[in-house]
Amino acid sequence: MDCRRCGTRLEKPGDYCLTCNTANCDGVVIEFRPDRAEVTMLEEDAVVGRTTVTTTPEREDPGERGVVQVRNFAGRVADEVRRKRPETVYAAGERDPLREARAQLHYEFYRVPEAGRRDGAGLVEWVRERRGERSLAVVDAAPAEKIGGTHSTLIGGRTGRTAIRTVAEHPHVKKIVPGPIDAGGTGSRTGLRAKATRADTNGNVRLLLRDGSSVQENRVVTTAMDRETGERVREDLNEALVEAELREA
């Protein structure tokens, strides 16, 4: 593939051209599987390149060696993305390498929940169909700055604070307003559980924290503009809570 601006031959399709400082793709789609990642480069709606990054899962020693294997795998995928310098990255599939790659990359990054593809569409096609939709504003603020309101107490202690911080880290969350604690619920021994509930007509959601017989409903203000886009944020929040082991998958 040649650079679309100066014609210089690129080492790999979609690479950023260092000769004329031009990006040759504006989006990267990654589908993580246990033994490989399929990486697809997009320029608007056109597929300009594909590559596969492979790995060998540590089946005999999933402990420390497994952690290193996932980190290295995600790092190689992240290296491929950095070569492209895209505006946006979309990813789906295996949670551990996805989470690690997201931590290593500093581009706009969207996790595509499986629930968002109920029609069975392939990941790349799903992304291509929705890239033209109005994008949501990104909130550039530290998680702690997004938390406020009359009630400052959170149930669940450190775990409750982790749940709130996990939600506050989402780029489309503007503010979290903790609510009062209701101690009249049914007891549970499963520890603190968190769940983002159905979006309202303004695109905002509620974060339910449940710890034993205590329940706390926290208002989450998002940059979504309606229920449909709010549902996309809700699905992403619940995926993040699953990754943090605060919600059942």
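The values are calculated or read from the model by the stated rules, or taken from the named source; none is laboratory data. Model, not experiment: these values are computed from the prediction. Note: ideal-geometry Cβ built from the backbone for every residue, glycine included; neighbour counts use all protein chains shown.
I want to confirm something. Restricting to region 191-249 and keeping residues that are among the acidic types (Asp, Glu) and within 19 Å of LEU154 (Cβ to Cβ), which single residue is surrounded by the most Cβ atoms within 10 Å (Cβ to Cβ)?
The residue in question is ASP211.
What single numbered condition from (1) farther than 20 Å from ASP35 by Cβ; (2) buried (at least 18 other Cβ atoms within 10 Å of the Cβ); (3) of a type outside the set (Ser, Thr, Tyr) fails to hold for GLN69?
Against the list (1) farther than 20 Å from ASP35 by Cβ; (2) buried (at least 18 other Cβ atoms within 10 Å of the Cβ); (3) of a type outside the set (Ser, Thr, Tyr), GLN69 comes up short only on (1).
Of the residues ALA121, ALA137, ALA101, which is surrounded by fewer than 17 Cβ atoms within 10 Å (Cβ to Cβ), of a type in the set (A, V, I, L, M, F, W, C), more than 20 Å from ARG165 (Cβ to Cβ) and at pLDDT 80 or above? Walk me through it before giving the result.
On the way: ALA121 fails: at pLDDT 80 or above; ALA101 fails: surrounded by fewer than 17 Cβ atoms within 10 Å (Cβ to Cβ).
None of the other options fit; the residue is ALA137.
Could you tell me how many of the residues in region 11-66 are among the polar types (S, T, N, Q), surrounded by fewer than 17 Cβ atoms within 10 Å (Cβ to Cβ) and in the same structural domain as ARG99 (by TED's automatic domain parsing)?
Taking region 11-66 first, the residues among the polar types (S, T, N, Q) are 19, 21-22, 24, 40, 51-52, 54-56.
Next cut, surrounded by fewer than 17 Cβ atoms within 10 Å (Cβ to Cβ) only: 19, 21-22, 51-52, 54, 56.
With in the same structural domain as ARG99 (by TED's automatic domain parsing) added as a condition, the list becomes 51-52, 54, 56.
Qualifying residue count, region 11-66: 4.
Give me a count of the residues in region 224-249 that are touching a strand residue (DSSP E or B) at 6+ places or on another chain (Cβ under 6 Å) and not in a helix (DSSP H, G or I).
Number satisfying all stated conditions: 2.
Sort out which residues of region 178-193 are of a type outside the set (A, V, I, L, M, F, W, C), touching a Ser or Thr at 6+ places or on another chain (Cβ under 6 Å) and modelled with pLDDT of 60 or more, and write them in order of number. Before the answer, list the steps.
Applying the first criterion (of a type outside the set (A, V, I, L, M, F, W, C)) to region 178-193 yields 178-180, 182, 184-191, 193.
Next, only the ones that are touching a Ser or Thr at 6+ places or on another chain (Cβ under 6 Å) stay: 185, 187.
Selection gives GLY185 alone.
What's the total number of residues in region 149-163 that are part of a loop (DSSP other than H, G, I, E, B) and closer than 21 Å to ASN238 by Cα?
Residues flagged as part of a loop (DSSP other than H, G, I, E, B) and closer than 21 Å to ASN238 by Cα within region 149-163 amount to 3.
What are the pairs, 6+ residues apart or on separate chains, where a residue within region 148-170 that is under 15 Å from GLU217 (Cα atoms) has its Cβ under 7 Å from a residue that is of a type in the set (Ser, Thr, Tyr)?
ILE155/SER214
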